[in-house]
Amino acid sequence: MLLQFDGSDAQANALLRRARPDRVRQRLLKRLERLSIPMQLTMTLAAGVNEREIAWVVRQGARHRNVRLVALQPAFFSGRYELDTDPMRRATLSDAVKGVAAGLTHSTRAGDFMPIPCSHPNCGWVTLYVRRFGLFFNLARHVDLERVMGQVAYRTQLGADEVRGIVGTGVRGSIAHMAAALGKRFIRPRDVFGIAIKPFMDRYTYDQDRVSACCHHILDTRGRLASFCEYNARHRAHDSWDSRPRLHAAPGD
């Protein structure tokens, strides 16, 4: 389950959502945790609006065991939000990493983030943690991404064997290998918590190299596959829905 989670600041929520859903979100998050429903928190990150909320959001995800992923998405200018369009003032990958490090000070450093497997290195970064036995530690720094790329690329969820297969691939030294061996035995998929940063492109940040390596696609109104960023930046305004059938309200609605 995915829950839009932009922070606790009422003013920022009103600007991004035209609503004040912060209290409802908190109640819903607690209820879903009681029901043990796996979920993702997705934060839209806008410069000058809610950067200071990153640390709070990632801490909320880390403390709720049913939250498996926090996704940070820097806002892009494609007409969705009523924000001032200033291409020189925008949230970046680095801004998001600094916010995560501020929220998880003892378990996160900039080098823990690695490119999302399957796409261009600038299309997104991810880091992974393990939560078990009261411990919370970074897993990504112990993974050799190049070595395990075939196991994790194009996957949104890893099974038990796959999680254990990547643990310890980046460690060196006998003590580290012993710790990795224990990790392979005890780490379960539900113990893994991830943070992903995905800055989609707009007409100001368009990069054809990134589009060519894209692994995040949507269908246009004719059913053709298109890169999400390329569609928003180049095609959305000209992709008319006029030829598609309209849904009409049922009588009495």
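The values are calculated or read from the model by the stated rules, or taken from the named source; none is laboratory data. Source: prediction; values computed, not measured. We place every Cβ from the backbone using ideal geometry, glycine too, and count neighbours over all the protein chains shown.
The figures follow:
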| item | result |
| --- | --- |
| Sole exception among (1) hydroxyl-bearing (S, T, Y); (2) under 20 Å from W125 (Cα atoms); (3) in contact (Cβ under 8 Å) with a residue 60 or more places away in the chain for S78, by number | (2) |
| Scan of region 56-75 for residues that are within 15 Å of the chain's Cα centre (by Cα) and either assigned to a loop (DSSP other than H, G, I, E, B) or of a type in the set (D, E, K, R) (or both), ordered by number | R59, R68, A75 |
| Any hit, region 3-11, residues being in a helix (DSSP H, G or I) and either surrounded by fewer than 20 Cβ atoms within 10 Å (Cβ to Cβ) or at pLDDT below 90 (or both) | yes |
| Residue, surrounded by the most Cβ atoms within 10 Å (Cβ to Cβ), within region 114-141, restricted to residues that are basic (K, R) and at pLDDT below 85 | R141 |
| Any hit, region 55-69, residues being among the aliphatic types (A, V, I, L, M) and farther than 24 Å from R188 by Cβ | yes |
| Selection status of A19, at pLDDT below 90, not β-branched (V, I, T) and not in a loop (DSSP other than H, G, I, E, B) | no |
